[in-house]
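Visitor: Following this message is one structure expressed as C-alpha cells.
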Amino acid sequence: MTWTFIQGLLFLCFLGHGIVGNVLILGGYLYAFIMGPERKSIDLILIHLAFANIVIVCTTGNRDLSKLFHLGIVLGDAGCKIMIYLGRVARGLSICTTCLLSVVQAITISPRTTSWRKLKPRSAWQVLPCLLLSWVFNFLISSNLLFYITAVQSPNSSALRPDFGHCVMLPSEQIVRLLFLTLMTLRDVVFQSLMGWSSGYMAFRLYQHHKCVLYLQASRLQGTPSPEMRATQSVLMLMTCFLFFHWADFIFSFYIGSFLTKSDIIYCIKMVLTFGYASLSPLVLLSRDIHVAKCW
C-alpha cells in the first residue's frame with residue numbers, strides 16, 4: 001500500500017510538472033510568435049515541441065493512471081487505440097522536432113561563408129512544411145497500432161504487457177511487424193544521427209566562442225555572449241536531456257521486454273524515464289529564456 005502511494009505521488013508530480021511546464025512554454029512562445037515584431041522559426045519549432053510534449057504527458061499519464069488505479073475497463077478498445085496511437089505519434093514528433101531544432105540552430109550559428117548557411121530559414125513559415133511532413137510521417141509509421149491495440153478484458157489476463165498497462169497489442173503477421181519496426185528504427189537512427197552531428201558542431205562553435213571571449217577579456221574588453229550563443233547553449237542542454245532519457249528508456253524497455261519483469265522498482269524507474277524529457281525539458285527553457293519568463 002505504501003509503495004503504491006509513493007508510485008502515485010511520483011506519477012502525479014511528473015504529470016503536473018510536465019503539463020504546467022509545457023503549457024507555460026507553449027503560451028510564452030505562442031504569445032511571442034503572434035505579438036512579436038518578427039515570427040522566428042525557432043519560436044514555431046519550440047511551440048510544436050511543447051505541444052508534442054503535452055500530448056506525451058497526457059497520453060502516457062492516462063495510461064499509467066489506468067494501470068495504477070485499475071481503470072482499464074473504463075478506457076475500452078477505442079480509448080486504448082486513441083491513447084497509445086497518439087502517444088506513439090507524439091513521441092515520434094518529439095524526436096523529429098528536437099532534431100529540427102538542433103539542425104536549425106546549428107545552421108543559424110554557422111559562419112556566413114559556409115555554403116549550407118543558405119539553408120537557414122528566413123521566416124517561420126519555411127519550417128512549417130517540415131513540421132507538417134513530420135505529422136504525416138509519424139501518423140503512417142504508427143498506423144498499425146489502430147488495428148492491433150485492444151483493451152484487456154480481464155485484469156488478470158496473462159497477455160497483459162507492462163508497456164501498455166491495461167491495453168494489449170494483438171499478434172500480427174511477421175512482415176507487418178518487420179515493416180513498422182524497420183521504419184521506426186530508421187527514423188530514430190536518422191534523426192538521432194542528425195542530432196549528434198548538429199550537437200557536436202554547436203559544441204565546437206561554443207568552444208571557439210569561449211576562446212574568443214577569453215581573448216577579449218584578456219584585452220580588457222567586455223565580452224558578453226550573444227543571443228544566438230545563449231540559444232545554442234539551451235538547445236545543447238535540450239539535446240543532452242533528450243538523448244539521456246531516450247536511451248535510458250530504451251535500455252529499460254529492452255530489459256523489461258526481454259526478462260518480462262514486473263518489479264515495482266523497475267516500473268517506477270521506467271515511468272520516470274518515460275516522463276523525463278517531456279516533463280523536465282520546459283525547466284531548461286524556463287531557466288534560460290528570459291524572454292519567456294518576462295512574458296509570463
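Where a number appears in this text, it was derived from the coordinates with a stated rule and is not lab data. Since we're looking at a predicted model, the values are computed, not measured. Every residue, glycine among them, receives a Cβ derived from its backbone with ideal geometry; neighbour counts consider all protein chains shown.
Visitor: Set the Förster distance to 35 Å, then compute FRET efficiency between Tyr255 and Leu119 from the Cβ-Cβ distance, nearest 0.05.
Guide: Calculated transfer efficiency: 0.30.
Visitor: For the pair Leu186 and Val136, how long in nm is the line joining their label points, each one 7 Å along Cα→Cβ?
Guide: It works out to 1.6 nm between the two label points.
Visitor: Multiply the residue gap between Ile266 and Asp77 by 0.36 nm, knock off their C-alpha separation, and tell me the result in nm, one decimal place.
Guide: Contour length minus the Cα-Cα distance gives 65.3 nm.
Visitor: Based on other C-beta atoms within 10 Å, arrange Met202, Met271 from fewest to most.
Guide: Placing the least packed residue first, the sequence is Met271, Met202.
Visitor: Please arrange Ser102, Ser234, Ser199, Ser115 by how many other C-beta atoms lie within 10 Å of their C-beta, fewest to most.
Guide: The order, fewest Cβ neighbours first, is Ser115, Ser234, Ser199, Ser102.
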